[in-house]
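Take a look at the structure set out below.
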Amino acid sequence: MELREFLFQPLRDKKFSFVITAQEKGIFSGAKRFKEILTELNIKVDWVAEEGFSLQPDTPVFRGSGTAEKVARAEEMLLGVIGKPSGVATAAAEFIKRSGGKIKVVCGAWKKVAPEIRADLRQAIATGGAGMRITEAPFIYLDKNYVRMFNGVGPAVRRAVEFDPERLVAVQLKGETQPIIEEVREAVGSGASILMIDTGNTADLRTAVNVAIENGWRDKVQFAFGGGVTQKDFPEVIAAGADIVDVGRAIIDAPLLDFRLDVEKKEE
């Protein structure tokens, strides 16, 4: 007989009501997997929060009941599937709030996490209000490695345009092949529509935007900015003229939102 089976043997015919509550302010995410586990455990559900539910300290996200063994398993399994997604959703929402509607916030860092949790974190990012794609229009994205393999921004962009002239081409610029200002000119001259200034240096962004203004094609391109962006950087990024900001680790590495499970009473 296993330890838990032995411990709970005197309680096997009893059921216990329990509640799961948030311990801090935030946004509830992970609801889909949360509900799946409730079903797997055959927990009686009295009420469960929906995805995106607003949280304050001591806000319940679940009320229900089950046997002693099921309650113990629920504590082991349920808190883990909502803590991280809720933390990510909360962080994304904070960035959206900080943007003030002046800039599009995206988080592409979900691609760098383990495949088994990607769907949960993609949902969390969306729940927080951030995007996952640099644009919703059909596009081709050329990252730094494409640029390196083609030995330059221009050849990479031209090849992408040749594949489908109707798609937007977005290219990551890091100033590796030549100064940022020259990469910007070459990218636009070759047909790029979205320029990702991914140096983390807002001076590079400002230079790129000024070049576009001076040459009369500012309204033909969008500027994205990335590279370790945090909330305190937002005013400077917006002032420098970015249309899109890609926030990576500050969202995807957000700490767990704290939840707790408490048994409230034994049911008769």
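The values are calculated or read from the model by the stated rules, or taken from the named source; none is laboratory data. Nothing here was measured: the structure is a model prediction, and the numbers come from that model. Every residue, glycine among them, receives a Cβ derived from its backbone with ideal geometry; neighbour counts consider all protein chains shown.
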Residue that is farthest from Leu121 (Cα to Cα), among those in segment 254-268 that are in a loop (DSSP other than H, G, I, E, B) and touching a residue at least 12 places away in the same chain (Cβ under 8 Å): Asp258
For segment 49-80, how many residues meet the condition of being among the hydrophobic types (A, V, I, L, M, F, W, C), within 23 Å of the chain's Cα centre (by Cα) and more than 18 Å from Ala93 (Cβ to Cβ)? 3
Do we find that Lys70 is farther than 17 Å from Arg260 by Cα and either not small (Gly, Ala, Ser) or not assigned by TED's automatic domain parsing to the domain that holds Asp262 (or both) in this structure? no
Starting from residues that are over 40 Å from the mean Cα position of the chain (by Cα), in contact (Cβ under 8 Å) with a residue 12 or more places away in the chain and surrounded by fewer than 16 Cβ atoms within 10 Å (Cβ to Cβ), keep the ones in segment 8-28 and report whichever is nearest to Ile96 (Cα to Cα). Lys14
Determine, yes or no, whether Gly129 is in contact (Cβ under 8 Å) with a residue 12 or more places away in the chain and either hydroxyl-bearing (Ser, Thr, Tyr) or at positive phi (or both). yes
Would you say Leu3 is touching a strand residue (DSSP E or B) at 6+ places or on another chain (Cβ under 9 Å) and not small (Gly, Ala, Ser)? no
Considering only residues that are in a helix (DSSP H, G or I) and touching an Asp or Glu at 6+ places or on another chain (Cβ under 8 Å), look in segment 29-60 and name the one that is farthest from Ile96 (Cα to Cα). Arg33
Selection from segment 1-16 of residues within 9 Å of Ala68 (Cα to Cα), among the hydrophobic types (A, V, I, L, M, F, W, C) and not in a strand (DSSP E or B) yields Phe8, Leu11
Scanning segment 45-70 for residues that are surrounded by fewer than 17 Cβ atoms within 10 Å (Cβ to Cβ) and at pLDDT below 95 gives Glu69
How many residues of segment 214-238 are assigned to a helix (DSSP H, G or I) and surrounded by 12 or more Cβ atoms within 10 Å (Cβ to Cβ)? The answer is 8
When segment 176-206 is checked residue by residue, the ones that are over 26 Å from the mean Cα position of the chain (by Cα), of a type in the set (Ser, Thr, Tyr) and at pLDDT 95 or above are Ser190
Mind listing whichever residues of segment 200-222 are in contact (Cβ under 8 Å) with a residue 24 or more places away in the chain and either touching a strand residue (DSSP E or B) at 6+ places or on another chain (Cβ under 8 Å) or at positive phi (or both)? Gly200, Thr202, Asp204, Leu205, Ala208, Val209, Ala212, Val221, Gln222
